[in-house]
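Take a look at the structure set out below.
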């Protein structure tokens, strides 16, 4: 909170105080004010680990990660370590371990190499492999971070319709439901089977006419009532074929009020 009390300079303009002590504005630092050197620390770079620091040094100088000048990188890495110690930062052990690894690689690079040694014996190979793998994961994390995130760039919008009304339509009757109901009729027709063999004149067209006569009017008729189980298996099959043919020609309407519930039929309007 900035008070209304200000001091006026020689030019007549009001000078804004930078502090208030016991209600009095302060515009100049006291001559005997002592500020410890550790009172303020500014971190220009933040690293998540030794690999992150090495990758930063390589990118900063636009170096080829497959051909790292290990001597220069080791010197710069140790300078950062010394700087962290001067700033009295708590160094993790992995930073010091990486420093030792770089020193070892540097010493191995200084040793003379024989003609039988190939590129696979390069002391930098393991470090390069770790840096490449870390760079891939770091780039993947950066790509994921720029993706729009819920509750950060994208927010849900919920609209409530107080007068919303939903009209539930009766479930459509599929062929499986019809065959399931027909299975009960067929089971009852089996009880009327007999061993007398004779030819019965059964016509689907004639049965279609009979079913239409049963469905005259606006009332619904139970699906099971359209079958006569005393006609046997052949009779109920012909009745089913007649009903399906009438449905195909849109002459009857089939409804079902609930799943696996009774099926009703009536003549189409």
_Conditions first: (1) at pLDDT 85 or above; (2) farther than 22 Å from residue 187 by Cα. Residue 241 passes all but one, so which condition is the exception?_
(2)
*Would you check which residues across region 235-262 are in contact with a strand residue (DSSP E or B) (Cβ under 9 Å, 6 or more places away or on another chain) and loosely packed, with under 14 Cβ neighbours inside 10 Å and list them?*
257, 262
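State yes or no: is residue 22 at pLDDT 80 or above, more than 14 Å from residue 84 (Cβ to Cβ) and more than 50 Å from the chain's Cα centre (by Cα)? If you could, list the steps in order and put the result at the bottom.
Numbers: at pLDDT 80 or above: yes; more than 14 Å from residue 84 (Cβ to Cβ): yes; more than 50 Å from the chain's Cα centre (by Cα): yes.
Here the answer is yes, as residue 22 does meet what is asked.
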*Of the residues 38, 85, 5, 28, which is at pLDDT 70 or above, over 41 Å from the mean Cα position of the chain (by Cα) and outside the structural domain of residue 97 (by TED's automatic domain parsing)?*
28
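The values are calculated or read from the model by the stated rules, or taken from the named source; none is laboratory data. The shown structure was predicted, so the numbers you read here are calculated from the model rather than taken from an experiment. Note: ideal-geometry Cβ built from the backbone for every residue, glycine included; neighbour counts use all protein chains shown.
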